[in-house]
Every structure is written in structure tokens, then in C-alpha cells.
1. Considering (1) over 16 Å from THR75 (Cα atoms); (2) part of a loop (DSSP other than H, G, I, E, B), say which one ILE50 fails and leave the rest.
2. Would it be correct to say that THR68 is without any contact (Cβ under 8 Å) to a residue 60 or more places away in the chain and among the β-branched types (Val, Ile, Thr)?
3. Return yes when ASN13 is without any contact (Cβ under 8 Å) to a residue 12 or more places away in the chain and not small (Gly, Ala, Ser) and no when it is not.
4. Based on this model, can you work out whether VAL32 counts as more than 10 Å from LYS2 (Cα to Cα) and in a loop (DSSP other than H, G, I, E, B)?
5. Tally up the residues in segment 23-38 that are crowded, with 18+ Cβ neighbours inside 10 Å and touching a Ser or Thr at 6+ places or on another chain (Cβ under 8 Å), please.
6. Which of (1) under 11 Å from the mean Cα position of the chain (by Cα); (2) assigned to a strand (DSSP E or B) is the odd one out, the single condition ILE3 does not satisfy?
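Since every read-out is calculated from the coordinates, none of them should be taken as a lab result. Just so it is clear, the structure is predicted and the values come from calculations on it, not from any experiment. All Cβ positions, glycine included, derive from the backbone under ideal geometry; neighbour counts span all protein chains shown.
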Amino acid sequence: MKIVSVVFQSTHNPEEYSTREYSYFAKIPLAVGDIVLAPVRTSHNTAKVIKLGVDPSEVGCDIRLLKTITSLAGTPAPDQMTLDTVGASTPAPTF
């Protein structure tokens, strides 16, 4: 998995992002500028991808501690999926 850097969206102004960068693994294909759901302690926050292919030596911590981005903003993160979001558009199988 590639390492990416993100900045978090401001809680006061959704048009603004913090200046501090955070590193994450990316399980999905991403581009600079993509808006993602980045896992934090017990939930996910909206963040913008600002760098791709970050070298592990640039991370500043043990890379085994990095969390993983698994979805773009606007799509539910895997641990937030419910019956309403999983297979909602898929018809039930007939037997």
C-alpha cells in the first residue's frame, strides 16, 4: 500500500483545511486533491490528499502505526456501512 499525506478539513469552515500534514496508508487509488474519510481515534474525519507516494523515512513515526484510508468522502467507510448502504441497490436473489 502507498503512503499519502492529508490535511484535515476545518470544523469551523468547510472551505478551509489545516496546515499540518498527517500520513496514512491508502487502500484505494487516490489523486492529489481527492477528499477522503481519514480514520481518527473512534471515527472518520474529512481530509484532502496533498501528497502521494510519501517515503516511509518522511513519516516521522513507525509506519506500523499508520491507519488506512479506505474510502472517498461521500461514501461510507467500511466500518460505517449498514444494511441501508450495503447492497441497497442490488436486488435480492431469487431461488
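1. Just one mismatch for ILE50, condition (2).
2. For THR68, the condition - without any contact (Cβ under 8 Å) to a residue 60 or more places away in the chain and among the β-branched types (Val, Ile, Thr) - is not met.
3. yes
4. The answer is yes for VAL32.
5. 6
6. The single condition ILE3 does not satisfy is (1).
Yes/no per residue for (1) of a type in the set (S, T, N, Q); (2) touching a His at 6+ places or on another chain (Cβ under 8 Å):
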position	(1), (2)
HIS12	no, no
SER18	yes, no
TYR22	no, no
LEU37	no, yes
